[in-house]
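Following: one structure in structure tokens, then a few remarks.
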Amino acid sequence: MDQWSPVLRGWVLGVENPLEPLEIAIMIDGIEACRTRCDLPRPDVANAGHGTGNCGFAVSLRELVSDDLPHALEVVDVGTGETIFRSEALVVVHSTWPNNGSQQMLPGTVRSESGSWESFERRVASGRRVAIVATHRTEGASELGVRRLVEALSSADNAVLVVDTSPAASSDALGADFLMWRENLGWDFASWATGLERLGDLAAECDHLLLVNDSCVGPFGDLGPLIARGQSLGVDVWSLTDSWESGHHLQSYFLGFTRSALGQGVLSDFFDQYPFPKYKEGVIEHGEVGLTAFLDERGITTAAVFEYFELVASFEKSLDPRLTRFADSTTAALMRKHDPDYQTVGYRSLVATVEDLEMRVPLNPTHHFWRELLDQGFPFIKRELLVADPAGRFFASDFADVVRPLLDEGDLELFRSEFARRPTARIVDAR
């Protein structure tokens, strides 16, 4: 399967005779809704050496069902009666979609809501600024982090709508103006789409709209000035950081949409063709990278507050003293008594980053240039950096020397709660 909505799209090859197009039946709640032949051209299949590639199918679900109710979806081989594809969860074909009146199917159903929608609408009408926060709290401790983020967004004059996919619903709205609890399907982009659908026509009336997730720890300080920096870029859509991995794109953990973009309905148009992938790799390809490509095709201007090559330049300027610090460390001096060529992990990590830059390898700025980001006023630290450190660039001494001086006691308590059950916790109070 390539796509669930608004068109059910995919391809099927017969095992015994791959050159003969199969006939399939689309089953909704166990009842046959339609049949179609899988004979549409698929160049990707042909290029892979699988016959002519005429094995694709496309079925408009909006012509079959659009009643805002969850349904089980199944694709069956008419010849054998065998199931080819079955949705892992119930899906909903919605009868309405903001701004353009088209229909959309979102993975996962909304199970409960908290807060007064009327109060939320009044706040939107008065300030015309909205933030939709996608969160998935797997531990109770991380609730403090979500509340911290919601509080900062609200203090920056945003009406805050939280879409929560946690295993259990929160007892309240996590400090937001309104909260929706839905099934954990479709990742952040499905949560944002769910929030946008709930907004309806309010989205087009906003002066500014933020899409945010909970992948960062923070913010440390007021978000108002940072959001103002994004708006001052003079573009239609802005992000905090950009990346060149898999092609240039805005990183999607914090996105701002101005009135010029919202008035053109770019978000509803984007989600109208978004396939809602089940796996993270697909979300990056179709969501994060795909959104920027979609905006570029529409002539929508984009920019990042903390631009990638400016971060690279800052990294290169600070490189020499940092290499010297690692090379002359007590650990390095001790180990060289046994191995004259020994260099610390920190030294080797910096050298590896330099080599990647020389080879034009695109790097994730929130992992490789987190120090430069903090120096320039970035008020977050990526949670993945602290938990897994995929780039090998974060050390206990960094927290004590670089991060801790930026934090107040409330910030430190946030770190303690976030990492109470992880080895990372020991660095919070290290001196």
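From the list Gly247, Gly234, Gly230, the one residue that fits, being more than 26 Å from Thr109 (Cα to Cα) and either outside the structural domain of Arg198 (by TED's automatic domain parsing) or surrounded by 21 or more Cβ atoms within 10 Å (Cβ to Cβ) (or both), is Gly230.
In the range 402-419 there is at least one residue matching the filter, namely being under 16 Å from Leu319 (Cα atoms) and either surrounded by 14 or more Cβ atoms within 10 Å (Cβ to Cβ) or modelled with pLDDT under 75 (or both).
Among the candidates Ser191, Ser155, Ser142, Ser126, single out the residue that is touching a residue at least 40 places away in the same chain (Cβ under 8 Å), hydroxyl-bearing (Ser, Thr, Tyr) and surrounded by fewer than 19 Cβ atoms within 10 Å (Cβ to Cβ).
Among Ser191, Ser155, Ser142, Ser126, only Ser155 is touching a residue at least 40 places away in the same chain (Cβ under 8 Å), hydroxyl-bearing (Ser, Thr, Tyr) and surrounded by fewer than 19 Cβ atoms within 10 Å (Cβ to Cβ).
Scanning the range 14-36 for residues that are closer than 16 Å to Leu61 by Cα and not small (Gly, Ala, Ser) yields a total of 10.
Against the conditions (1) outside any strand (DSSP E or B); (2) within 23 Å of Phe270 (Cβ to Cβ), Leu211 satisfies every one except (1).
Considering only residues in the range 259-274 that are surrounded by fewer than 21 Cβ atoms within 10 Å (Cβ to Cβ) and part of a loop (DSSP other than H, G, I, E, B), the one that is farthest from the chain's Cα centre (by Cα) turns out to be Gln264. If you go through the range 158-188 and pick out every residue that is farther than 24 Å from Glu413 by Cα and touching a residue at least 40 places away in the same chain (Cβ under 8 Å), you end up with 15.
The values are calculated or read from the model by the stated rules, or taken from the named source; none is laboratory data. Here the structure is a predicted model, which is why all the values come from computation and not from measurement. Glycine gets a Cβ as well: all are built from the backbone with ideal geometry, and neighbour counts include every protein chain shown.
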